[in-house]
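J.: I have a structure I would like to understand better, so I am pasting it below and will then ask my questions one at a time.
The values are calculated or read from the model by the stated rules, or taken from the named source; none is laboratory data. Just so it is clear, the structure is predicted and the values come from calculations on it, not from any experiment. Every residue, glycine among them, receives a Cβ derived from its backbone with ideal geometry; neighbour counts consider all protein chains shown. Remember, those area values only see protein heavy atoms, side chains included, never the ligands or the DNA or RNA. Shrake-Rupley method; radii C 1.70, N 1.55, O 1.52, S 1.80 Å.
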2 protein chains.
Amino acid sequence: MLSGVRSAARRKLFRADPADLLGVANWPEAGVAGHHQQQHWWAALEHNFVLESTDDEYGGVVVDADRLPADKAAFARSLAASLSYWKSVGKKGVWLKLPVDRAEFVPLAVKEGFKYHHAEESYLMMTYWIPDEPNMLPANASHQVGVGGFVINDQMEVLVVQEKYCGSSLDGVWKLPTGFILASEEIYTGASREVKEETGVDTEFVDVVAFRHAHNVAFQKSDLFFICMLRPVSSEIKIDETEIQAAKWMPLEEFVKQPFIQEDHMFQKIMDICIQCLRKCYCGLTPHHVVSRFDDRTSTLYYNVAEPEDVNCSAT
Amino acid sequence: MLSGVRSAARRKLFRADPADLLGVANWPEAGVAGHHQQQHWWAALEHNFVLESTDDEYGGVVVDADRLPADKAAFARSLAASLSYWKSVGKKGVWLKLPVDRAEFVPLAVKEGFKYHHAEESYLMMTYWIPDEPNMLPANASHQVGVGGFVINDQMEVLVVQEKYCGSSLDGVWKLPTGFILASEEIYTGASREVKEETGVDTEFVDVVAFRHAHNVAFQKSDLFFICMLRPVSSEIKIDETEIQAAKWMPLEEFVKQPFIQEDHMFQKIMDICIQCLRKCYCGLTPHHVVSRFDDRTSTLYYNVAEPEDVNCSAT
């Protein structure tokens, strides 16, 4: 599993300190390049044209976005020279992050053969795969992640909403509160936050009871939607008027009898699962913090903790 | 839950047919704009400058990427005129998809106040939020999705690999085959594919036994990693030499005793779960195709199908 370039050692590939020039020219890799190409990057070094960059763990380079040339002409010259140089020393992938205030460099990089990889509000990441073999660079993010909250009180009433912008097929339908999780947000906090935002009700996360995987949703990306069981710890409703038309506590039976659930294979299945959970016939996945030396990160592992009396172990 | 712009009705916002001009000028929304602004877009209409676009479901517009002006000057003029016009008619979000062969338009759109939203190899999506209120446009994809395969044979041997590019902390470690799922790929097919690619072994998917959620992984995005139980249906090993150093069947006991598992909280927990599965003390989530009228899509719902004899129901 390629873990991306972020964990790459950030050592310098090359700084055009004149004292280094001879040393670089004597690198053994230089011998594999053609005479013309050598001349090209040698000239580039002499003129201090090669873009500042660091090596990544996979034989590639990451251009330093904070030390790009000042103007278009210098960037175009440096980019061409750098590519020749990187090719001559056998580099593989090139990562070029162009901050939004360097947007005028984008067409120049495209002209040089760079491809778009991904973009965030503040930058566009472009890549160039040098080897004459299949591109091994990791893909960009592929999924959006949504959560839905099944919140039921002691009177067996479900917390439901009517959305303002739901498309005509859902007009008048009472549904579970749903939403997308925010950047770096946990599923268990995201589910409670969405319920709180849409309805004003405070909840405690119980478990993930199921998840749905769908494709070609927004921007042709895929979607993972986690159905979460939540326990209400307050009851008063106060809706978010920008997104929600109405919210209320609705008897479970009445909720399930709505035609949009009765006539929909997916919603029917989801409600079956939630009702099995209530009867304690179903075991969802609960979040547990785990630490790993593998990537020195704390993360959340969701798994099923069955009570000993709930399972019949047949040891192998 | 905003479901993105793809499902938006693709009706025309405006085509500069001279016969329509008077009708448009008489739209009630026009009255709210200032005299200067009205003059501006009126002039734009007369000169056929407004970019071709369609409405989305959320009061926004989607510029038609196939009908952009031919050159930079015309694009800059049209973009400014279009923004004035869209503002004057109370539009909210503007989606501007610039194909890679129109990269020269990127700096012009940035100059006009557009922001980067996301990019794929063939295009850059830019957005402009017109209202003087918080931006309600949906975020771009937030997650990459990985899979790991726990494949164990009748001799209680686990299928393990050594990766070529794994970082020094994992040097010499035997681990489960892992990888990212491809665009629009299912978790259950992705897990089997990765095992096949890395080891040559054919498998049948059993279930998702747990998943891990981590943040700030590649490109600051989050990562969902699904641990999958797979049943081998072949045994001969043939490795993918570009990614894998070695693969073999390793006794479960020996695999678990490796220091990188013994000393790692996360891997220990994952192995505990896999062993519980083998003992039938644990119930993972199995994939089921579901169809929903909600978005007219077939998708996969992962849930826990406990055998009746495996659970003690205590009906509420």
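J.: Once the label point is placed 7 Å from Cα along Cβ, list for A:His289 the distances to the corresponding points in the other copies, in nm, shortest first.
T.: Label-point distances to the other copies, shortest first: 4.3 nm.
J.: Same structure, new question: How many square angstrom of accessible surface are buried between B and A, both sides summed, with a 1.4 Å probe and rounding to 100?
T.: So the total buried area for this chain pair works out to about 9500 Å².
J.: Determine the share of the range A:201-243's accessible area contributed by carbon and sulfur atoms, expressed in whole percent, with a 1.4 angstrom probe.
T.: 46
J.: Which distances in nm, rounded to one decimal and ordered from shortest, link the label point of A:Ala246 to the equivalent label points in the other identical copies, with labels set 7 Å from Cα toward Cβ?
T.: 6.8
J.: Return the average number of partner chain Cβ atoms within 10 angstrom of each residue Cβ along peptide B:140-150.
T.: Per residue, the number of nearby Cβ atoms from other chains is 6 on average.
J.: While we're looking at this one, here's another question. Please list, by residue number, everything in the range A:181-222 whose backbone N is under 13 Å from a paramagnetic label point 7 Å out along Cα→Cβ of A:Lys164.
T.: Counting only backbone N, you get A:198.
J.: Which ³J(HN,Hα) values, rounded to whole Hz and listed in residue order, are derived for the range B:240-247 from phi using the Karplus coefficients 6.51, -1.76 and 1.60 in 6.51 cos²θ - 1.76 cosθ + 1.60 with θ = phi - 60°, glycine and proline given as x?
T.: So the Karplus estimates, Gly and Pro as x, are 8, 6, 6, 10, 10, 7, 7, 9 Hz.
J.: Between A:Asp296 and B:Leu278, what is the label-point separation in nm under the 7 Å Cα-to-beta-carbon projection?
T.: About 3.3 nm, to one decimal.
J.: Sort shortest first the distances from A:Ala183 to its counterpart in every other copy, using label points 7 Å along the Cα-to-beta-carbon line, and give them in nm.
T.: 2.3
J.: Once amide H atoms are built 1.01 Å from N in the peptide plane, which residues 5 or more positions from A:Thr203, or in another chain, come under 5 Å H to H?
T.: Correct list: A:Val233.
J.: Can you send over the solvent-accessible area of A:Trp249, 1.4 Å probe, protein chains only, in Å² to the nearest 10?
T.: 50
J.: Tell me the GluC sites (Glu not before Pro) within the range B:114-221 that lie in a loop according to DSSP and have at most 15 other beta-carbon atoms within 10 Å.
T.: Answer in residue order: B:Glu121.
J.: Right, something else. If we sort B:280-286, B:250-256 on the protection proxy, mean other Cβ atoms within 10 Å, highest first, what's the order?
T.: Listed from highest to lowest mean packing, they are B:280-286, B:250-256.
J.: Using the Cβ atoms and a cut-off under 10 Å, what net charge is assigned to the surroundings of B:Gly148, where Lys and Arg are +1 and Asp and Glu are -1?
T.: Combined, the nearby Lys, Arg, Asp and Glu give +1.
J.: Moving to a separate point now. For the range A:143-288, rounded, prolate or oblate, judged on the Cα gyration tensor with a ≥ b ≥ c (square roots of eigenvalues), a/c < 1.5 rounded, else prolate if a/b > b/c?
T.: Verdict is rounded for the range A:143-288.
J.: Would you count, across the range A:82-172, every pair of lysines whose alpha carbons are under 24 angstrom apart, provided the pair is eight or more residues apart or spans two chains?
T.: Lysine pairs meeting the criterion: 9.
J.: Under 9 Å from the Cβ of B:Thr242, count the other residues' Cβ atoms, weight Lys and Arg +1, Asp and Glu -1, and hand me the total.
T.: -3
J.: So, counting K/R as plus one and D/E as minus one, what does the shell of residues with Cβ under 10 Å around A:Gly200 add up to?
T.: Residues close to A:Gly200 contribute a combined charge of -3.
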